[in-house]
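Here the structure is laid out as structure tokens; the discussion comes afterwards.
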Amino acid sequence: MNFDYIIVGAGSAGCVLANRLSEDSSKQVLLLEAGGKDPFWEWQIHMPAALAYPMNGTRYNWDYHTEPEPYLGGRVMHCPRGKVFGGSSSINGMCYIRGNALDYDRWAQEDESLSHWSYKHCLPYFRKAGNRNIGADDYHGDAGPLSITKGGSDNPLFKAWTDAGQQAGYPYTEDMNGYQQEGFGPMDRTTKNGTRGSTAVGYLRPAMKRSNLTVIKRAHAKRLILQGKSVTGVEYVRRGKSHQVFAETEVILSGGPINNPQLLMLSGIGPAAQIKEHGIELQHELPGVGENLQDHLEIYLQMECTQPVSLFKYYNLLGKALTGAQWLFTRTGLGATNHFEAGGFIRSKKGVKHPDLQYHFFPMAVRYDGQSPNGGHGFQAHVGSMRSQSKGWVRLGSADYRDKPKVQFNYMSKAEDWEEFRAAVRLTREIFEQEAFKPFAGEELSPGAHVQSDEQLDAYLKDAVESAYHPSCTCKMGSDDMSVVDGDCKVRGLEGLRIVDSSIMPSIVSGNLNAPTVMIAEKAADIIKGGDILPASDAPVYVAKNYQESQR
């Protein structure tokens, strides 16, 4: 079976590439996905409020776990990744956040070969991808495949959150993805008409109508096929049988930051010692494969709510049934949102040029696994550090493609991590003490008012930090010795192989990673096709004028 392009992974990036590369009817495109379809009747995927179910299940999730994390007392952390059409965009929290403009400028400034990945070059592709429900402007599009809904809710806790932020001295921002990320305001989400707007829905389903796109589900990639220094195809296993497919032009890996390194190393591409350790023949040494793993951590600062206005009143069998029924028949109501309607970005201390702490506000005190700490009304702020310098790795568990790779993030390995999280707790407490929360805020549930000193906070943080599920950077883009792909996403030293997804980020961006991953795929598609690249944007961006002298 011969194709022009073979894409491995129908996730956030793979669905974009399948759509864009198959726009040329003269090109035959194959998309391989280890998981299955995202059937329209699967409410756990398509109901926004049900996001915790696929994220914590195994049916649509690779369900990875880390090695014991050495700086967190040996805790084993959960690392869910989508194993279904749409990949992690089908199981994530649907928050549409792009990161800060200066993140992309950092990529360009730190490596001259990435000058075309600066913000002014990336913004046109954010606009191309998006279809925002309130229309287009200099920062947003209204004709793209990715449906984006601006947050808005009549729950008084959301207004209290944004008002309290301003009372604490922070700015209000109408659009965290526009001119000004910094401040408190509404959050965008990837939903459309009350349902999840994954890349499977926006990009893949329309493209599957084309005769030149072939999609094979439950096809687990086993290895890449090489002839010398050229990648010519993929061997995959489906229903216990091995198959080989060949690419006339290129193979493109879009399996994500965990699966891409595994497949490369199984194919003999990567760190020599890692590959030889498992009895695999070294085909091409690339020491950066699987290194540079980065993520966002967060904590949930939880408060008792003294009025019955939180979501807890629906957190029972009857409430869930009524919410589900309304959503099922009308696609409206509490089931039609992820409930992250508002958030914020702030700087943890003076001298920080752009926000390094992110907030998601949620009108109930509850964990991602669905556990409520107090059995009553509450609310919480998810707050986390955006640009930790802690870096981990992905390594082979064995030479068998069916075995999960080993993953370790080395969370909280830097002194700055602890400093930022202590600041996060104290700054968040200050926000909850503002006048706007006086009618609602009761006892502090987590970490608890008794946790005050640096030592007490560190003990709490060691047990409390959780992944925000944003792994990235394991096949970094650049020109140094640890780079895996160049600025055009081509794997260094090989012909016929590119990588396109969040694994090629040189460093993690300041926010949720789904929107940047879609942007990367949109931009990469134009690079791969060799056509016209969208012209750079001249839209301005905000930087606080007093950042050197003041934290806010």
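The values are calculated or read from the model by the stated rules, or taken from the named source; none is laboratory data. This structure is a prediction, so every number in the text was calculated from the model and none was measured. Neighbour counts are summed over all protein chains in view; Cβ atoms, including those assigned to glycine, are modelled from backbone coordinates with ideal geometry. The accessibility values were calculated without ligands, DNA or RNA, using every heavy atom of the protein model including side chains. Shrake-Rupley method; radii C 1.70, N 1.55, O 1.52, S 1.80 Å.
Over segment 60-160, what per residue volume does the convex hull of the Cα atoms give, in whole Å³? Can you show the working numbers first?
Values: hull volume 21.1 nm³, N = 101.
Per residue, the Cα convex hull of segment 60-160 comes to 209 Å³.
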ask   = Based on the mean of other beta carbon atoms within 10 Å per residue, what is the order of 530-536, 69-75, most packed first?
value = 69-75, 530-536
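Could you calculate the contour length gain from K529 to Q307, that is, 0.36 nm times the residue separation minus the distance between their Cα atoms, to one decimal place in nm? Don't skip to the answer; put the middle values down first.
On the way: separation 222, 0.36 × 222 = 79.92 nm, distance 5.66 nm.
Taking K529 through Q307 to full extension adds about 74.3 nm, to one decimal.
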query = Just how far, in whole angstrom, is segment 72-136 from segment 385-433 if you go by their alpha carbon centroids?
reply = 18 Å
remark   = Residues meeting the amide H criterion for N100 (H placed from the backbone, H to H distance under 5 Å, 5 or more places apart or on another chain) are S510
ask   = Quick one: ranking R552, R498 by accessible area, 1.4 Å probe, largest first, what do you get?
value = R552, R498
request  = Treat each spin label as a single point 7 Å out from the Cα along the C-beta direction, and report the F246 to W41 distance in nm.
outcome  = 4.2 nm
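Accessible area per residue of the chain at 1.4 Å probe, in Å²? All intermediate terms of the calculation are to be shown ahead of the outcome.
On the way: 20640 Å² over 552 residues.
Per residue, the chain has an accessible area of 37 Å².
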request  = Would you mind estimating how fast segment 1-123 diffuses translationally, via Stokes-Einstein at 25 °C and 0.890 mPa s with the Kirkwood radius over Cα pairs, in µm²/s?
outcome  = 142 µm²/s
task = Starting from the Cα-Cα distance between A539 and D480, subtract it from 0.36 nm times their residue separation and give me the gain in nm to one decimal.
result = 18.2 nm
inquiry  = Going by average Cβ density within 10 Å per residue, which order do the peptides 318-328, 487-497 take, highest to lowest?
reply    = 487-497, 318-328
key: Interchain or long-range residues, amide H under 5 Å from A468's placed H   = H296, L297, E298
ask   = Label S211 and Q326 with points 7 Å out from Cα along Cα→Cβ: what is the distance between them in nm?
value = 4.8 nm
key: Sorted peptide list for 374-386, 278-290, 108-120, criterion being average Cβ within 10 angstrom, highest first   = 374-386, 278-290, 108-120
ask   = For D538, D105, what's the largest-to-smallest order of accessible area, 1.4 Å probe?
value = D538, D105
request  = For the chain, with all protein chains present and a 1.4 Å probe, just round the carbon and sulfur fraction of the accessible area to a whole percent.
outcome  = 48 percent
inquiry  = Taking the full set of protein chains and a 1.4 angstrom probe, give the accessible area of F437 in square angstrom, rounded to the nearest 10.
reply    = 0 Å²
query = Once Cα extents along the principal axes in Å is worked out from the coordinates, which option in (i) 87, 60, 44; (ii) 68, 51, 46; (iii) 67, 58, 46 does it equal?
reply = (ii)
